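Peer 1: Structure provided below as structure tokens; questions to follow.
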């Protein structure tokens, strides 16, 4: 799960969650009204369950899948930005490195931690995902 806070610090938060149905969903949480409303469903964004979601402080969402792949999305319009490859088991964690633009790490049940540079990710057309 990840949180997206509005830049102008309004009373609204965006909550991003992954699910076993191959999707991630984005919800708006209005703190004043104490209500949650779904605003986006990214259907079939992975080939298996989405086990991990992480939101970076700039403009990225990283999702990790049970099949060992990950994907990067724009957190403003939820468009696909790139594919993470290199793990052979599910991705269970990721971390963005502050101060290093575009550098992030992923950890997997394959007992490896991989380092990626957003500028070097393979951009695979979403239709072939």
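The values are calculated or read from the model by the stated rules, or taken from the named source; none is laboratory data. Worth saying up front: this structure is predicted, and the values here are computed from it rather than measured. Using ideal geometry, Cβ is built from the backbone for each residue, glycine included, and neighbour counts are taken over all protein chains shown.
Peer 1: Looking only at the range 90-122, how many residues end up being touching a residue at least 24 places away in the same chain (Cβ under 8 Å), within 15 Å of the chain's Cα centre (by Cα), surrounded by fewer than 16 Cβ atoms within 10 Å (Cβ to Cβ) and under 16 Å from residue 58 (Cβ atoms)?
Peer 2: Residues in the range 90-122 being touching a residue at least 24 places away in the same chain (Cβ under 8 Å), within 15 Å of the chain's Cα centre (by Cα), surrounded by fewer than 16 Cβ atoms within 10 Å (Cβ to Cβ) and under 16 Å from residue 58 (Cβ atoms): 1 in total.
Peer 1: To continue, here is another question. Restricting attention to the range 55-70, does a residue exist that is modelled with pLDDT of 80 or more and loosely packed, with under 13 Cβ neighbours inside 10 Å?
Peer 2: no
Peer 1: Which of the numbered conditions does residue 43 fail, given that it passes all the others? Conditions: (1) free of Cβ contacts under 8 Å to residues at least 24 places away in the same chain; (2) surrounded by 13 or more Cβ atoms within 10 Å (Cβ to Cβ).
Peer 2: Tallying (1) free of Cβ contacts under 8 Å to residues at least 24 places away in the same chain; (2) surrounded by 13 or more Cβ atoms within 10 Å (Cβ to Cβ), residue 43 fails exactly one: (2).
Peer 1: Residue by residue through the range 59-77, note down the ones that are closer than 18 Å to residue 119 by Cα and either touching a residue at least 24 places away in the same chain (Cβ under 8 Å) or under 11 Å from the mean Cα position of the chain (by Cα) (or both).
Peer 2: Within the range 59-77, 59, 60, 61, 62, 63, 70, 71, 72, 73, 74, 75 meet the criteria.
Peer 1: Take residue 17 and decide whether it is buried (at least 20 other Cβ atoms within 10 Å of the Cβ) and modelled with pLDDT of 85 or more.
Peer 2: Criteria not met by residue 17.
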